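Trainee: Dropping a structure here in structure tokens format, bear with me for questions.
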Amino acid sequence: MTEPDELYTLRAQYWLGHYHMALEEAKSIARRPMNPNLKAEREEFLARAWIAQGHYDRVTATETPGLQALALKAQYEAATGNTAAQESILNQIKSLAAGGEASSVGLTAAQVLLVAGQTKEALQLVHASSRMEDMLVCLQIYLKLDRLDLAKKSLQKLKQKDEDSILCQLAGVYVHLASGSEGSADAVHSINSLTEQYGSSPLLANLMACALMQQGDYAGAEQALEECLREQSEIRLPDTLINMICATTHQNKSAEQYVGQMQLEFPAHPFCAGLERVTAAFEREAIKYKV
């Protein structure tokens, strides 16, 4: 097990989706003496929390490669809907990652490439890394590629490094969820354990909703998501609305409210693009049967 250091709480809060708490912790750490070797990492987690909350203007590039990559990530997310601008930023972050000057650069670049749909390129940046965050992203990519077998192997490697770490526990949850109903009970147990220890967050609430839906408990999932929406003051995740659409639809309830919110708040999200494409196709076919 890795011994806790001055950034343990900051990392835990960020990884579990407590971004406001992570910001406060980062500011608190800055006010007291700390290991100089951890200062750059603190700055990066601060920038990552700003990005997670959508405050892209708070992230500025410095001479540190890690922060330069995060500044590009902020610019990429702020340019949503501007294809030309995002393409230019992608090229810049790829060039930065190719330099190999900082291990965190590859992680940030991989995350941006994943959002851009360049899964193979993202995997190339993290698959050989021994950093636990990189290994977790690699596991998530394997799940995205429907390679549960490779994801399970990645989970075993994470357990060998630090079985008790938050990242390893999250990795276990992702694998359990990908295993279908047979893994849902283990996922619920792990999520409850993390929630009891660190408190609820939108991330954990959405993971719990997914696990409950796999068990067929759509009402329980809806309840968890409703609470998440009420308490989601720091950031609203599109996953919350998408999961709510799924939970209500399976109960034969109207999901129109949540669909409307998705289209209003996240018009560039792949869910909205897919819905628009399917709706248009349905309407084209429906015309054939009109009398």
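Trainee: Using only Cα atoms, find the angle between the long axis of helix 148-162 and the longest principal axis of the chain, and express it within 0 to 90 degrees, rounded to the nearest 10.
Mentor: 30 degrees
Trainee: Also: So, for the chain, what is the accessible surface per residue at a probe of 1.4 Å, expressed in square angstrom?
Mentor: Values: 15570 Å² over 291 residues.
With all protein chains present, the chain gives 53 Å² per residue.
Trainee: Another question, then. Quick check: residue separation of Gln160 and Arg236 times 0.36 nm, minus the Cα distance between them. What number comes out in nm?
Mentor: 23.9 nm
Trainee: Can you work out D for the stretch 141-291 in µm² s⁻¹ from Stokes-Einstein, where Rh is the Kirkwood radius over C-alpha pairs, the temperature is 10 °C and the viscosity is 1.306 mPa s?
Mentor: Calculated translational D: 93 µm²/s.
Trainee: I've got another one for you. As I understand it, the value is the acute angle between the Cα axis of helix 238-250 and the longest principal axis of the Cα atoms of the chain; what does it come to in degrees, rounded to 10?
Mentor: The angle comes out at about 30 degrees.
Trainee: Based on DSSP H runs of at least 4 residues, each adding -39500 (n - 2.57), what is the mean residue ellipticity at 222 nm of the chain after dividing by all its residues, to the nearest 500 deg cm²/dmol?
Mentor: One gets -23500 deg cm²/dmol as the mean residue ellipticity at 222 nm.
Trainee: Then there is this: If His269, His55 are ordered by their accessible area, calculated over protein heavy atoms with a 1.4 Å probe, which sequence runs from highest to lowest?
Mentor: His55, His269
Trainee: Turning to a different aspect of this structure: What do you get for the angle between helix 132-144 and the principal long axis of the chain? Use alpha-carbon atoms, 0 to 90 degrees, nearest ten.
Mentor: The two axes meet at around 20 degrees.
Trainee: For the stretch 1-128, what is the Kirkwood hydrodynamic radius in Å, using each pair of distinct C-alpha atoms?
Mentor: Value: 15.2 Å, from the Cα pair sum.
Trainee: On to the next question. Can you send over the carbon and sulfur percentage of the accessible area for the chain, probe radius 1.4 Å, protein chains only? Can you show the working numbers first?
Mentor: Details: 7810 of 15570 Å².
In the chain, the share of accessible area belonging to carbon and sulfur is 50 percent.
Trainee: Using alpha carbons only, how many angstrom separate the centre of the stretch 67-89 from the centre of the stretch 28-42?
Mentor: Here the two parts' Cα centres lie 28 Å apart.
Trainee: While we're looking at this one, here's another question. Identify which of Thr62, Thr80, Thr279 has the largest mean-square fluctuation in a Gaussian network model of the chain, with springs joining Cα atoms closer than 10 Å.
Mentor: Top of the fluctuation ranking is Thr279.
Trainee: Here's a follow-up. In the structure displayed, which of Lys27/Lys161; Lys94/Lys120; Lys73/Lys94 lie more than 19 Å apart, Cα to Cα?
Mentor: On the way: Lys27/Lys161 29 Å; Lys94/Lys120 13 Å; Lys73/Lys94 11 Å.
Pairs exceeding the cut-off: Lys27/Lys161.
Trainee: Post the alpha-carbon centroid distance, the stretch 137-156 to the stretch 209-278, in whole angstrom.
Mentor: If you average the Cα positions of each part, the centres end up 25 Å apart.
The values are calculated or read from the model by the stated rules, or taken from the named source; none is laboratory data. Computed from a prediction, not measured in an experiment: that's the story for all the values here. The accessibility values were calculated without ligands, DNA or RNA, using every heavy atom of the protein model including side chains. Shrake-Rupley method; radii C 1.70, N 1.55, O 1.52, S 1.80 Å.
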